[in-house]
1. Roughly what % of DSSP beta bridges within the chain run antiparallel, to the nearest 5?
2. Expressed as a rounded percentage, what relative contact order does the chain have, with Cα pairs under 8 Å and six or more residues apart?
3. Just need the relative contact order of the stretch 295-420 here, percent rounded to a whole number, with Cα pairs under 8 Å and 6+ apart.
4. VAL149's amide H: which non-local residues (gap 5+, or another chain) put their own amide H closer than 5 Å, with H modeled 1.01 Å from N in plane and none for Pro or chain starts?
5. How far apart, in nm, are two points set 7 Å out from the Cα along the Cα-to-Cβ line at ASP172 and at HIS403?
6. Given the C-alpha centroids of the stretch 321-363 and the stretch 263-307, what is the distance between them in whole angstrom?
7. Send over the semi-axes of the stretch 295-420's equivalent ellipsoid, whole angstrom and largest first, taken as the square roots of 5 times the C-alpha gyration tensor eigenvalues.
8. Report the charge-dipole magnitude of the chain in Debye, nearest 20, computed about the Cα centre from +1 at each Lys and Arg Cβ and -1 at each Asp and Glu Cβ.
Amino acid sequence: MSPFNLETCARPNILALEPYRCARDDYKDDGTNILLDANENAYGPALTASAASAAKSGSGPEIDFLGLHRYPDPHQRDLKQLLCNLRNTHHHTDKVTTPDNLFVGVGSDEAIDALIRCFCVPAQDRILVCPPTYGMYSVSAQVNDVSLVKVPLLPAPTFGLDVPKVSEALSDEQNHIKLVYLCSPGNPTGSLIAKDDVRQVLEHASWNGIVVVDEAYIDFSPDGASLAEWVSEWPNLVVMQTLSKAFGLAGIRLGAAFSPVPVARLLNSLKAPYNISSPTSALASHAVSTDGLATMRANMRKLVAQRERLIAELPRVRGVGRLRGGVESNFLLYEMLNGDGKPDNATALKVYEMLAESRGVVVRFRGKEHGCLGCLRITVGTECEVTRFLEALGSALAEVNGHAVADVPADEEKREDEASGVVA
Ligand SMILES: *Cc1c(COP(=O)(O)O)cnc(C)c1O
């Protein structure tokens with residue numbers, strides 16, 4: 001059993017914080033009070049009348065603008081309840097998460113940073129990351145003067161967690177590791193981390209720290225993959241999610257960290273009180289309501305169809321190598337091959353530049369990441385975008401490697417079509 005102890009794991013200055021309370025926590029606003037407590041402007045926002053009619057909620061006083069002249073709700077319990085409803089699926093536990101289990105922030109980027117500030121003493125404590133992984137963990141660590149211990153994932157295409165090496169790093173007290181950031185599905189790997197591997201890290205026999213699972217892409221994975229509700233079973237598990245990817249709301253900046261109640265209390269104590277704006281909260285609540293979820297799932301089906309199309313089509317493009325990661329996300333990691341048929345960074349970089357500079361298609365070069373030699377990370381787009389991308393990629397590879405655009409030889413293609421019963 002893990003020796004996790006929040007009182008010795010979190011920073012003393014954070015443990016000493018009191019959660020923020022405003023006058024409106026003491027005196028609930030029933031709509032009849034005159035609010036003269038927060039130095040807001042009762043005459044309303046500096047917006048024009050045309051913006052007003054666009055933004056107006058339809059009821060309420062003339063100058064309403066969605067109540068934008070008021071500070072937003074610092075607690076966001078209604079939004080948190082909707083997020084809990086979404087994730088209390090009982091795939092992993094009979095228990096339920098409640099709003100007390102949640103921190104909501106300005107994207108998951110705020111949660112990544114808040115966790116580091118909560119647990120890591122600058123210039124002393126460290127975080128463990130598993131390359132290839134998301135860049136914000138190291139950026140946030142560096143901003144906070146916290147250094148990294150790196151334990152690479154197992155080789156492609158599984159990109160699994162190297163549990164023995166992670167455990168070994170956590171056993172060494174000299175490492176001062178407070179947080180382990182696991183990305184599942186991984187960016188740029190697209191692979192889920194096995195639940196049992198997460199469990200083994202959570203159960204480490206001597207380590208006093210928190211396992212953070214970043215589930216930014218979880219809605220592209222099979223049902224039941226999210227471990228969010230599992231935070232009700234573990235004192236040392238945090239699961240981060242975001243509305244930036246599957247929900248298509250990167251612009252509103254809304255991320256969430258499902259946490260054990262005492263951890264959520266600390267994160268909520270250290271955050272800026274009004275971190276979630278009213279428009280963000282309103283749009284996020286709509287997205288995770290029944291209507292919003294139906295739209296998200298409809299978009300998801302279209303996206304998965306395009307993901308499958310890419311997986312079927314890319315191997316037929318000459319110069320495209322192996323799929324290196326998993327397929328549980330909205331992007332794919334593919335090798336670009338040189339003239340000798342070998343994965344190659346110079347080729348991948350040239351293709352990347354050509355796609356952007358002369359074909360108007362921007363993807364991501366990931367060849368410098370651990371275990372991603374010669375790889376591009378391709379986000380799955382709309383049907384039209386995928387069509388354009390496939391054409392552009394074929395011609396860019398042909399230009400770089402000096403061969404004809406024709407992909408798989410025509411007679412071979414014909415045989416495949418006959419075999420699968422496709423009539424051209
Ligand atoms: C895109 C992404 C996020 C999302 O960050 P937000 O701040 O919520 O937009 C988080 N984690 C990973 C691994 C990502 O790729």
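1. 50
2. 16
3. It comes to 26 percent, rounded to a whole number.
4. Answer set, sorted by chain and number: ILE127, LEU128, VAL129.
5. 4.4
6. Using only Cα atoms to place each centre, the spacing works out to 31 Å.
7. For the stretch 295-420, the semi-axes come out at 22, 20, 14 Å.
8. 300
The values are calculated or read from the model by the stated rules, or taken from the named source; none is laboratory data. Because the structure is predicted, anything quoted here is derived from the model rather than measured. Heads up, the Cβs are rebuilt from the backbone with ideal geometry, glycines too, and the neighbour counts pull from every protein chain shown. What goes into the accessible areas is simple: the full protein's heavy atoms, side chains included, and nothing from ligands, DNA or RNA. Shrake-Rupley method; radii C 1.70, N 1.55, O 1.52, S 1.80 Å.
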